[in-house]
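S.K.: The structure that follows is given in the form of structure tokens.
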Amino acid sequence: MNKTYEVKSVPIPKFAKHADIAEGKRLYQSRGCGDCHDVDGSGRTFIEDPALGTLSGANLTSGKGGIITERTDEELAIAIRHGVGKNGRALLFMPSTDFQGMTNEDVGKLIAFLRSLPSVDKPQGDLKAGPLGRFLFLIGEIPVFLSAEVINHETTHLANITPTVSLEYGKYVATTCTGCHGFSLKGGPIQGAPPEWPPAQDISKNGLTHYTESSFIQTVRTGKRPDGSEMKFPMPWKSLGQLTDTELKALWLYLQTI
């Protein structure tokens, strides 16, 4: 946890148009950023467990206690995609494994949205690793605990990607799902989750045999499976429901190849 990482900074495009900021907002919401940083970007404590630890998202606004004015766009991009803070140290429980493949364009729009947020005065919540959290990380059960340790920091990021119903774009969207469903997307216990959380479903082809493309999209959008049952917390269907039709169709296409 005291290790430092060197990550090369790459230029991040700047966006100011309303449409681009709106897209940044959709990315923030659909990728689940608010789960840790709250809907207003001010941060929230999302895990408070003596064994796992107390974990809180940073205040991403310009208010007192916020970090946005103290970071360049390039530094924010490194935090998002590499899980590394301004001081070179790993960010605790930052799920950058979900965002490491995000294009420069998408990161730029996301950051433009963050910079547009109203300021909220809110101090940083507690960030403290518990003994069980440390142990599970050491045996490889929760890589997100220090995602910087498992990310390839030499990766060349795409400048942009065209949203199409294609395997390439579906794979791009699917990285959002790896935090809970695992890098293989075959489900199982959710890394770092309290014991009462249900395991994540297998969303490979075998795990989706009861779905068609249309019922898969309908389920993500409504939180109700084809048999009428409701998806249990912590499945963030309200966030994922803001994925576009193209994103969901491409995601379905890609998941069918696993």
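S.K.: Being among the aliphatic types (A, V, I, L, M) and in a helix (DSSP H, G or I) narrows it down to one residue among ALA22, ALA16, ALA51; which is it?
M.R.: ALA22
S.K.: Take the residues of segment 161-193 that are charged (D, E, K, R) and part of a helix (DSSP H, G or I): which is farthest from the chain's Cα centre (by Cα)?
M.R.: GLU168
S.K.: In segment 205-246, which residues are aromatic (Phe, Trp, Tyr) and either touching a Ser or Thr at 6+ places or on another chain (Cβ under 8 Å) or more than 23 Å from ASP38 (Cβ to Cβ) (or both)?
M.R.: Scanning segment 205-246 gives TYR211, PHE216, TRP237.
S.K.: Also, quick follow-up: Tally up the residues in segment 216-235 that are assigned to a helix (DSSP H, G or I) and surrounded by 15 or more Cβ atoms within 10 Å (Cβ to Cβ), please.
M.R.: Residues that pass the stated criteria total 6.
S.K.: Suppose we filter ILE21, ILE67, ILE47 for residues that are at pLDDT 95 or above, surrounded by fewer than 23 Cβ atoms within 10 Å (Cβ to Cβ), in contact with a Leu (Cβ under 7 Å, 6 or more places away or on another chain) and aliphatic (A, V, I, L, M); which single one remains?
M.R.: ILE67
S.K.: Could you pull out the residue among VAL120, VAL84 that is surrounded by 23 or more Cβ atoms within 10 Å (Cβ to Cβ), farther than 14 Å from CYS33 by Cβ and among the β-branched types (Val, Ile, Thr)?
M.R.: The unique qualifying residue is VAL84.
S.K.: Regarding GLU154, is this residue part of a helix (DSSP H, G or I) and either exposed (fewer than 13 other Cβ atoms within 10 Å of the Cβ) or not hydrophobic (A, V, I, L, M, F, W, C) (or both)?
M.R.: So GLU154 does not fit the description; no.
S.K.: Here is a follow-up. Does ASP35 meet the test of being acidic (Asp, Glu), assigned to a loop (DSSP other than H, G, I, E, B) and closer than 22 Å to LEU240 by Cα?
M.R.: For ASP35, the condition - acidic (Asp, Glu), assigned to a loop (DSSP other than H, G, I, E, B) and closer than 22 Å to LEU240 by Cα - is not met.
S.K.: If you don't mind, there's one more thing I want to ask. Are there any pairs, at least 6 apart or on different chains, whose C-beta atoms fall under 7 Å, with the first in segment 48-59 and under 23 Å from ILE80 (Cβ atoms) and in the same structural domain as PRO123 (by TED's automatic domain parsing) and the second of a type in the set (Lys, Arg) and assigned to a loop (DSSP other than H, G, I, E, B), and if so, which?
M.R.: Close Cβ pairs (under 7 Å, with a partner that is of a type in the set (Lys, Arg) and assigned to a loop (DSSP other than H, G, I, E, B)) amount to SER56/ARG44; GLY57/ARG44; ASN59/LYS122.
S.K.: Another question, then. In the list LYS64, LYS8, which residue meets the criterion of being over 19 Å from ALA90 (Cα atoms), over 19 Å from the mean Cα position of the chain (by Cα), basic (Lys, Arg) and assigned to a loop (DSSP other than H, G, I, E, B)?
M.R.: LYS64
The values are calculated or read from the model by the stated rules, or taken from the named source; none is laboratory data. Owing to the predicted nature of the structure, the values given are computational and were not obtained by experimental measurement. Cβ atoms come from the backbone with ideal geometry, glycine included; neighbour counts cover every protein chain shown.
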